[in-house]
Amino acid sequence: NELDGKPKQIAISYVGYMDLVLHDKVEDKYIVVDIKTTSDRLEDLSPKYRFSDQTVPYGLVLNKLLGISENELEVGYYVAKPSITNPVVQFYRFYKSEDDLADWAQGMALALHQLDTMVKHRYFPRTRSGCSFFGRTCPYYDYCHDRDSKRTQLQLAFNGEMEPPLPFEPLVEVEISLKELGGIR
């Protein structure tokens, strides 16, 4: 949104859950770790996770809470390959560079721009990849049948009830600037 030709800054909430936080006592470092299961046949899954940005926001939050520079961001992935004959668990550890952080911030800025465009057009497309995630039906599946955005907003706001939902109270709140990470150019 623009007001007087200047972009209007708005705060957004990013809700996520860290799988694991490890502490290296020797180096006195903390690392956010995501736990994955896969049937991928690649022996080395570094190409799959090296540039993944899933753990970036969790690592940024952890670093902010610990007073650590964003440029010292380190993340990890525990990857399990379940198998009756040859189960494998691997650990991958990656340092996120300034470019990696800028990529995440730019991707987030583009996603917010896309959301702003959808709101302006009052059009929210259905996902092309299906309506089930992690073996469960998407909780918003029933709303996708109704293309009336106003009615859907009311349904989501009241979740079928006539009382407004309780306010969300996060465990921690951390302010992160996409612009400072190179996400708004």
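The values are calculated or read from the model by the stated rules, or taken from the named source; none is laboratory data. These numbers come from a predicted model, not from an experiment. Every residue, glycine as well, gets a Cβ built from its backbone with ideal geometry; the counts of neighbours run over all protein chains shown. What goes into the accessible areas is simple: the full protein's heavy atoms, side chains included, and nothing from ligands, DNA or RNA. Shrake-Rupley method; radii C 1.70, N 1.55, O 1.52, S 1.80 Å.
So that you can scan it fast, the table gives a plain yes or no per residue for (1) without any contact (Cβ under 8 Å) to a residue 12 or more places away in the chain; (2) touching a Phe, Trp or Tyr at 6+ places or on another chain (Cβ under 6 Å):
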position: TYR17; (1), (2): yes, no
position: THR37; (1), (2): no, no
position: PHE51; (1), (2): no, no
position: TYR58; (1), (2): no, no
position: SER69; (1), (2): yes, no
position: LEU73; (1), (2): no, no
position: TYR77; (1), (2): no, yes
position: MET108; (1), (2): no, no
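If ILE68 satisfies all but one of (1) closer than 30 Å to PHE134 by Cβ; (2) in a loop (DSSP other than H, G, I, E, B); (3) of a type in the set (A, V, I, L, M, F, W, C); (4) open to solvent by less than 70 Å² (accessible area, probe 1.4 Å), what's the number of the condition it fails?
(1)
Restricting attention to the range 81-92, and to residues there that are surrounded by 12 or more Cβ atoms within 10 Å (Cβ to Cβ) and touching a Phe, Trp or Tyr at 6+ places or on another chain (Cβ under 8 Å), which single residue is farthest from GLU180 (Cα to Cα)?
GLN90
Scanning for something within 30 Å of GLU70 (Cβ to Cβ), at pLDDT 75 or above, open to solvent by 80 Å² or more (accessible area, probe 1.4 Å) and touching a Gly at 6+ places or on another chain (Cβ under 9 Å), does the range 106-118 turn up at least one residue?
Within the range 106-118, the first condition is being within 30 Å of GLU70 (Cβ to Cβ), and the residues that meet it are 106-118.
Right, trim to at pLDDT 75 or above and you get 106-118.
Pick out the ones that are also open to solvent by 80 Å² or more (accessible area, probe 1.4 Å) and you get 110, 113-115.
Filter once more, so that each one left must be touching a Gly at 6+ places or on another chain (Cβ under 9 Å): 110.
Yes; the residues of the range 106-118 include at least one that is within 30 Å of GLU70 (Cβ to Cβ), at pLDDT 75 or above, open to solvent by 80 Å² or more (accessible area, probe 1.4 Å) and touching a Gly at 6+ places or on another chain (Cβ under 9 Å).
Kindly evaluate TYR78 against the criterion of being open to solvent by 50 Å² or more (accessible area, probe 1.4 Å), at pLDDT 85 or above and within 23 Å of the chain's Cα centre (by Cα). Spell out how you get there, then give the answer.
Values: open to solvent by 50 Å² or more (accessible area, probe 1.4 Å): yes; at pLDDT 85 or above: yes; within 23 Å of the chain's Cα centre (by Cα): yes.
Judged against the criteria, TYR78 is a match.
So which residues in the range 15-39 are of a type outside the set (A, V, I, L, M), part of a loop (DSSP other than H, G, I, E, B) and open to solvent by 40 Å² or more (accessible area, probe 1.4 Å)?
Filtering the range 15-39 for residues of a type outside the set (A, V, I, L, M) gives 16-17, 19, 23-25, 27-30, 34, 36-39.
Subsequent filtering for residues that are part of a loop (DSSP other than H, G, I, E, B) retains 16-17, 19, 25, 27-28, 38-39.
Hits for the range 15-39 are TYR17, ASP19, LYS25, GLU27, ASP28, SER39.
Among the numbered criteria (1) more than 19 Å from ILE31 (Cα to Cα); (2) touching an Asp or Glu at 6+ places or on another chain (Cβ under 7 Å); (3) crowded, with 19+ Cβ neighbours inside 10 Å, which single criterion is violated by ASP103?
Result: ASP103 passes all but (3).
For TYR141, work out the one condition from (1) in contact with a Pro (Cβ under 9 Å, 6 or more places away or on another chain); (2) farther than 20 Å from ILE12 by Cβ it doesn't fulfil.
(1)
Can you tell me which residue in the range 123-153 is least open to solvent (accessible area, probe 1.4 Å), limited to those that are over 25 Å from HIS113 (Cβ atoms) and among the charged types (D, E, K, R)?
ASP146
Just checking, how many residues over the range 155-185 are open to solvent by 100 Å² or more (accessible area, probe 1.4 Å) and at pLDDT 75 or above?
The total comes to 6.
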